[in-house]
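The values are calculated or read from the model by the stated rules, or taken from the named source; none is laboratory data. As the structure is a computational prediction, the values presented were derived from the model and not from experiment. With ideal geometry, Cβ positions are generated from the backbone for all residues, glycine too; neighbour counts draw on all protein chains shown.
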């Protein structure tokens with residue numbers, strides 16, 4: 001008899017915004033790193049790591065104009081493969097649109 005175990009975690013993800021990219025970037029949502037933040041205590045850690053990636057993106061944007069608009073970041077809450085937005089880099093509908101594709 002198998003048990004149906006619920007798996008939930010937070011993960012930092014990225015996606016390329018086709019409204020701003022000039023190259024042939026792949027569509028879809030990608031994982032920034034393989035770390036899964038599983039405990040409620042790790043929410044602070046995922047937000048800290050997210051802010052670090054935001055700062056890295058800002059630095060990269062100094063060399064690549066517009067990178068902050070092309071390379072979008074978020075924290076997704078994933079439960080049983082269902083993804084929902086926890087935090088986004090900008091206050092717009094971009095990530096909601098990506099999740100509903």
request  = Return only the number of the condition from (1) closer than 17 Å to residue 99 by Cα; (2) touching a strand residue (DSSP E or B) at 6+ places or on another chain (Cβ under 9 Å) that residue 46 does not satisfy.
outcome  = (1)
note = Filter the range 18-56 for residues that are within 21 Å of residue 83 (Cβ to Cβ) and in contact with a helix residue (DSSP H, G or I) (Cβ under 7 Å, 6 or more places away or on another chain); the one that is surrounded by the most Cβ atoms within 10 Å (Cβ to Cβ) is 37
key: Pair list, Cβ under 9 Å, 6 or more apart: the range 32-47 residue over 12 Å from residue 77 (Cα atoms), other residue in a loop (DSSP other than H, G, I, E, B) and at pLDDT 95 or above   = none
request  = Filter the range 62-86 for residues that are out of contact with any strand residue (DSSP E or B) (no Cβ under 7 Å at 6 or more places or on another chain) and in a strand (DSSP E or B) and give the result.
outcome  = 82
ask   = Which one of the conditions (1) without any contact (Cβ under 8 Å) to a residue 24 or more places away in the chain; (2) under 14 Å from the mean Cα position of the chain (by Cα); (3) under 21 Å from residue 97 (Cβ atoms) does residue 26 fail to meet, given that it meets all the rest?
value = (2)
request  = Have a look at 101, 59 and point out the one that is in a helix (DSSP H, G or I) and over 17 Å from residue 43 (Cβ atoms).
outcome  = 59
